[in-house]
1. Rounded to the nearest 0.05, what FRET efficiency is calculated for B:H356 and C:N222 with R0 set to 30 Å and r the Cβ-Cβ distance?
2. Expressed as a rounded percentage, what relative contact order does chain C have, with Cα pairs under 8 Å and six or more residues apart?
3. Take the residue pairs B:K151/D:K34; A:K214/B:K77; A:K77/B:K214; A:K18/A:K284 and return only those whose Cα atoms are more than 23 Å apart.
4. Does anyone have the angle between helix C:213-228 and the longest principal axis of chain C? Alpha-carbon axes, 0 to 90°, nearest 10?
5. For B:S175, what is the net charge nearby, where nearby means another residue's Cβ is under 9 Å from its Cβ and Lys, Arg count +1, Asp, Glu -1?
6. Which distance in Å, rounded to a whole number, links the C-alpha centroids of the range A:1-67 and the range A:280-327?
7. How big, in percent, is the set of alpha carbon pairs in the range C:174-217 lying more than 17 Å apart?
8. List residues of the range A:67-97, by number, whose backbone nitrogen lies under 18 Å from a label position 7 Å along Cα→C-beta of A:E25.
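What follows draws every value from the coordinates through simple rules; no lab data is involved. These figures come from a predicted structure and were not determined experimentally. No Cβ is skipped: glycine too gets one built from the backbone with ideal geometry, and neighbour counts run over all protein chains shown.
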Amino acid sequence: MTDTLQQILDPTGNKVGKPPRLSKEVLLRMHRAIVQTRHFDDRCMKLQRTGKIGFSIPNLGIEAVSVGAAAALDASKDWIAPSYRDFGMLFFHGVTAESMMDTQFGNVDDNSVGRQMPVHFSYREPIRVLSISSPIGTHLPQAVGISLAAKKRGEDAVSLVSFGDGGTSSLGFHSGMNFAGVLGAPTVFLCQNNQWAISCPYDKQTGSETIAAKGEAYGIPAVRVDGNDVLAVYKVVLNAVKRARAGEGPTLIEAVTMRMGGHSTSDDPSRYVPKEMTEEWKTKDPRKRFEAWLISEGHATSEELEIVDADCAEEMASAAKAAFAKSRPPLDTIFSDVYAEIPKHVADQRDWCIGHYSSRGEGVDEKGEFPL
Amino acid sequence: MTDTLQQILDPTGNKVGKPPRLSKEVLLRMHRAIVQTRHFDDRCMKLQRTGKIGFSIPNLGIEAVSVGAAAALDASKDWIAPSYRDFGMLFFHGVTAESMMDTQFGNVDDNSVGRQMPVHFSYREPIRVLSISSPIGTHLPQAVGISLAAKKRGEDAVSLVSFGDGGTSSLGFHSGMNFAGVLGAPTVFLCQNNQWAISCPYDKQTGSETIAAKGEAYGIPAVRVDGNDVLAVYKVVLNAVKRARAGEGPTLIEAVTMRMGGHSTSDDPSRYVPKEMTEEWKTKDPRKRFEAWLISEGHATSEELEIVDADCAEEMASAAKAAFAKSRPPLDTIFSDVYAEIPKHVADQRDWCIGHYSSRGEGVDEKGEFPL
Amino acid sequence: MNELTLVQAVNDGIKTVMREDESVLVLGEDVGPKGGVFLATDGVTAEFGEERCFDTPLSEDGIIGVGVGLAMNGMKPICEIQFQDFIFPAFDQIVSEAAKMRYRSGGQYTVPMVIRTPYGGGIRGGLYHSQSGEAYFCHTPGMKVVIPSTPADAKGLLISAIEDPDPVLFMEPKALYRASREEVPDGMHRVALSTVREVVAGNDAVIFCYGAMVPVCLQAANRIREERGSEVRVIDLRTLLPLDEEAVLEAAKECGRVVVVHEAPRFCGYGSEISALIAENAIEYMEAPIARVTGFDTPFPNTLEHYYMPDARRVIDAVERVLEFE
Amino acid sequence: MNELTLVQAVNDGIKTVMREDESVLVLGEDVGPKGGVFLATDGVTAEFGEERCFDTPLSEDGIIGVGVGLAMNGMKPICEIQFQDFIFPAFDQIVSEAAKMRYRSGGQYTVPMVIRTPYGGGIRGGLYHSQSGEAYFCHTPGMKVVIPSTPADAKGLLISAIEDPDPVLFMEPKALYRASREEVPDGMHRVALSTVREVVAGNDAVIFCYGAMVPVCLQAANRIREERGSEVRVIDLRTLLPLDEEAVLEAAKECGRVVVVHEAPRFCGYGSEISALIAENAIEYMEAPIARVTGFDTPFPNTLEHYYMPDARRVIDAVERVLEFE
Ligand SMILES: Cc1ncc(C[n+]2csc(CCOP(=O)(O)OP(=O)(O)O)c2C)c(N)n1
Ligand SMILES: Cc1ncc(C[n+]2csc(CCOP(=O)(O)OP(=O)(O)O)c2C)c(N)n1
Ligand SMILES: [Mg+2]
Ligand SMILES: [Mg+2]
């Protein structure tokens, strides 16, 4: 089970396994989420190159993992603890591009109130998306605690936690998997094995043949899936979610894929990624494969898909425009949310800060209003 | 390989596997180290009960793991990073009982200069024994670094790191195993699976069937051995040492055993260890088994073994007496060894401290001399 | 009311809240059937079952990380770290996660969690069973840090900490666990966080202290009164973060002579913040140097620990120096 | 001599020592072919091979833990932590192990290791790519903590740190990595640890600072001289632990008016130690409150980071308050 790579569509979109039963509507939502992610990435790359945002994370190549996994969750009760490379999860569940752009710009409408870097999303609606952290791996035990809380209350909610191949070396992988294995937590561990952790290749990250092989160390069943096959990802995640909901405990899923862009907008992968490797993986593109199948099954025509493409491009352009137009968060947001109630020393610093910068004529937002 | 329990002697001392080739002299050294450990433990328990030392760690039940493993090392070049429950490793390599008692008393001759609690031994001679730390698991990556340094210099030294079943949950287990697997470090990882981590039983420590199963997660070959069979432990550790020396990388060994006493002299295991479990393991005693075999093979007579027993009892009594008679470390040892050179602020504190306590007539050692 | 030791008061506090609030859980190493190595959770599993008080694997990162998750999803975990010296594997989960969750999520996610841990010297614990790491956590916005020094405060502050909506590190002075007994109110006894306690009144000088140093400073103040008639105020800070800075400044201004006492090393210790606060906001009231009586800037020793830790005589010396300064 | 930026000077320092001493190794995330995310190790693997400069798995605990072992067995590892914000998973290995190894083994084992890490704000890094955690490490006896502020010092202090027999945390102000260039001596240029640097002379007041705050304070002192003719001394502390306390006290006594500046939060920050030191040993020389100009007691924000970090204007304000105090 841990050795075979689960696959439903081969790289050309031919069926090699049994596709899951999914309505046309859901299939097209999945497709749209993939296309949205691509255009969001493109837009962010442009915004970063023109200095409008500082940073972003390309998803190119791994979109099927995010989208296939997200589609297996029930937004009314489940929790997602994503990696920073999971934009497709948000799109699938209906987070708006504008809201995500708000985070990219760190403007007043950003859910993290301009405190975090771009790509560190946080949502409670339309699905609970854990506030993303930069330190790698910390969200694994958290996802375990979250699902355990649900289990203790007798709810059948599950948490899905997503992380990279590099993330398997973190403390959180070890403690999260260990606690989940012992406590039978209803958590789905999804490793996006995209072959690289920034510049570190898989074989310098772990001596293990596969990531899936790591499950046994914790008594957690594991499965490997072709991460560029959105239907296969959906299917294995759905099985894991069902197991978790039924009280059968955690599952580890290794989705084998490839990071086709740089690590981030600041990275130059040509310094370390062999060209042949990129070339080879280009033939396995997750979007092309899925589109070929959608067309061959009669779920969509290629004209319809082109319209989706144009639509998503436009969606991202206007989302960026809207987010860019918003003001930055007001000065007092530096000081709020440190605690539920603001302690006196922090309040004093806030008052001093506002007084100081207003006496300098600064701290005034783009709209010309004093930002408080 | 990881599922079968390697065994040479069954609980009654019958051969069920092929004994390693070992000289009578070494076999008797191994035996003596086991007996020394027992008597050292007994003596320490008495010392603790009478308030002469604060604390000790009983080795009862696990002596064969320590001794079998230590016997596979070459004292001229190898390094031991022991757990705090490995007294037999030191005895086997000829550390004197008095020196170990010095640590138990934290007196002036203690290698840690009375800074650490009892059982936190540290040696460079007769074999390099890493200064034992209380925080669990920190010594695993250190042992990897140590062996890696040797490897980088082209030496064939290996490091052996020993830890408990509880230790497999620590950060250091994950990072140490991971780095060793990737870097091919010549480190032998020896897990003393004695079923308990203080009061936490094995099945609450990990969801894994065995500790050996954890090797694959790091690409490290693993083996399970009967930890109460000193010959079998010796054999599997020797194989691992040979692999490491030959440049074939790390091995994980799970020695299955049982902690027959309390976790420490402060612990009352009757609160949590099921009686039947203790009863069952009593029949598997490592010393009895080894002695039966030594006698049956003609390496010793039961009279000779009785002499060893009496001898070791006497050795521990006089070691304790000698260590007890020594003075405590002088006051300035609070301040030395913080850095290679004492910085001014620490020197100032030292001078103040000595001045202050001598003005109070304190800081004077038992011999009535000013301790500096 | 019952006469309880400090550790019994902690135990009573835990059980009292657990009876009131089903969402309160206990997790940590050996907290279950064994009742914790100091018996702080004695009988908790017996009364509330394994679902609500459970042993964990040996992983502080896991204890706190899982605790953060439990707290984010409606539970109120009380995480025990067996000795404060073993909290460092969880440092990232505490300072990067628990402390920053509310802030980084714009208030969408919060971590109402208590981390209980025994700290401090005096039990011959050497380097790793004696440390006082409060300063590490007090430099971490988003955390609250509480240290009781009496049984009644231990219960009252612990209950307030559990009810607090933010992560609280609750450090228990293990040297005082069984040092004395006092009457501890039954039921949901609360002591407000971020309030100090005047242990002894006085206006000639003030000693700021907390935890196991409180009885030491009390003894010092009493002896100074007996020996030279000076009235030295002793303030038990109780909550180190967020500190009641006004109370500290007021006492400093009223007394004009200040001594700060803690067991932890001096350099960048918690005492330096108290000194700095006063030197920044009330220096003109100071009639003497602001003295610190602390552990030394070395790791914690074993055999000689009683020379390392401040005792009444060392406090008296410092107070006298401060009183005599002109 | 070459004109180098600060990060180039770090690179030059690493290569220079590696040419001299075969036991020096570099390990960390992305330090190999990529040359580190800031290019501090650019070309090191190319020149010295993978054996001496190698990428590690994503585990700071492993980087430091393996580094400690390498150091114990004759190597001199330079461990890179990609951002100081990510050092916390290794906190236990640093404070419990590296810092205490010599002490607990009675000098039998030592850890001559350097931990290099970029720290501080100003690059729009938000909560987790901006922090200044020096105070956490300065409260840890056994550690040395060094922060350069110029290219020449970066090279000279780094070489001294590598040659030092004890573990050194070497924090590099990433905001200054490419801020300017200066001539940096070739070869084994050394700057002694535990010595401060006078950046500007003056006797009306003194500013103590380090790292990225040094140019900010320099600018403040220049503007104060221009605007009001006061001569403000600026001292770059360079080594935070062990601190040259005498130099600090001497400057404080000579100037009588003190401002301490850092980016990290104020509460229990490094600045509190400087204040406390002076309040304890030189209060009678103080003619004004000891002021601190610091980051706020909140996590580090992103969009508004330039309101969070002290700038020259904030420093000037504090110095003026101190100068005008009567
Ligand atoms: C604890 C920690 N160390 C280092 C980093 C810096 N860092 C950010 S992403 C990354 C690589 C992550 O690789 P992987 O987990 O495979 O995810 P991917 O980027 O490939 O999706 C590193 C080293 C970090 N964020 N956190
Ligand atoms: C990081 C850390 N957490 C907790 C402890 C307290 N503690 C000391 S020994 C121990 C149990 C260790 O069990 P195991 O590793 O199985 O070794 P054994 O005692 O059985 O030999 C615990 C929890 C510690 N020393 N270090
Ligand atoms: Mg990756
Ligand atoms: Mg054990």
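1. Values: r = 21 Å, r/R0 = 0.68.
Using R0 = 30 Å, I get an efficiency of 0.90.
2. On the way: 733 pairs, mean separation 53.3, N = 326.
Relative CO of chain C lands at 16 percent.
3. Details: B:K151/D:K34 25 Å; A:K214/B:K77 33 Å; A:K77/B:K214 33 Å; A:K18/A:K284 19 Å.
Beyond 23 Å: B:K151/D:K34; A:K214/B:K77; A:K77/B:K214.
4. Relative to chain C, helix C:213-228 is tipped by roughly 20 degrees.
5. On the way: positive: none; negative: D:E60, D:D61.
Overall, the nearby charge balance is -2.
6. Cα centroid of the range A:1-67 versus Cα centroid of the range A:280-327: 9 Å apart.
7. On the way: 499 of 946 pairs.
Roughly 53 percent, once rounded to a whole number.
8. Counting only backbone N, you get A:71-77, A:92-95.
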